[in-house]
Amino acid sequence: MPPRSSWQDTVVLEPATPPDVSRMDDEDSVLAMAGWFLQNFELPEVWYPASAGPSQYIHEDEDPTYPQEELELKFGDYASPGSIAEAASLITRGGRDEWAPSRRRVKMADFDDHVDEHFSLQEREIEEGLQELEELVAAWRHGRPPMGHNSPPEERLETDWPTDEELDAIEGGIQTIRRELHSPSEDLWAVQQAANLFTEFAKKLLRLAQTSAAAIVRFSAEAAAAAGVGEAIFHPADFAAKLTHVSGLVHSWTRSLGL
């Protein structure tokens, strides 16, 4: 995301259309709402060192976005107050209250995204999501927290933290989907299986996100130091939401092809 000093050189795109949560059960609607928010908004420090300072980053209309307010605005007519509150709680866990537009929405005025010009808008959004997932997987792979803590919340972080094998599987799913985007084979069963894998892994990450906020914050700091990135990139709910969002895009795409 460009620093505030270059605000005049940027364009902030509108958020993506919110998913229809009216027919979802509470668990799925919470994940869908959190996924939508985390695809469209990010903590300023996610992709930058914390030392840069939040005041340097662009907020929409130069004011921060608050998750509870944004979710009520977009989903208040379709989701229960309890589900909205739970989704907001997942997003803000650890005191993460003020958000800015996500990278994918903040473009330089002369931006060139280098995505295949023959892609449809739907396919371009999938490719952008795959690129973001690749960056997350790379960071999480190099940011495994140290083991050996004894308090129950931290033990859960140790046992539920994604393994190299699980991250390998997500990377494999990314490549499967990308191959089909670039070279359609009309056999999308493997693509749908990859999208299902993303959803299942997201559920595990959401369980991890239920661990105490203090443990998440401390482990995120340790993981960020190991990977050399901002701490916010290691929040499990964010990773889960991006996985769920891409999974939903892929399933919509395959349905549009008649599968």
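Just so you know, all these numbers are worked out from the coordinates, no wet-lab data involved. Predicted, not measured: the structure shown is a model, and the values here were computed from it. No Cβ is skipped: glycine too gets one built from the backbone with ideal geometry, and neighbour counts run over all protein chains shown.
Values computed for the structure shown
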read-out	value
Virtual spin-label span in nm between Asn196 and Asp25, 7 Å along Cα→Cβ	1.7
Point-to-point label distance, Ser256-Arg124, nm (Cα→Cβ direction, 7 Å offset)	1.2
Cβ crowding within 10 Å averaged over residues, with 83-91, 134-142, 191-199, 18-26 ranked highest first	83-91, 191-199, 134-142, 18-26
Simple spin-label estimate for His142 and Tyr66 in nanometres, 7 Å along Cα-Cβ	3.7
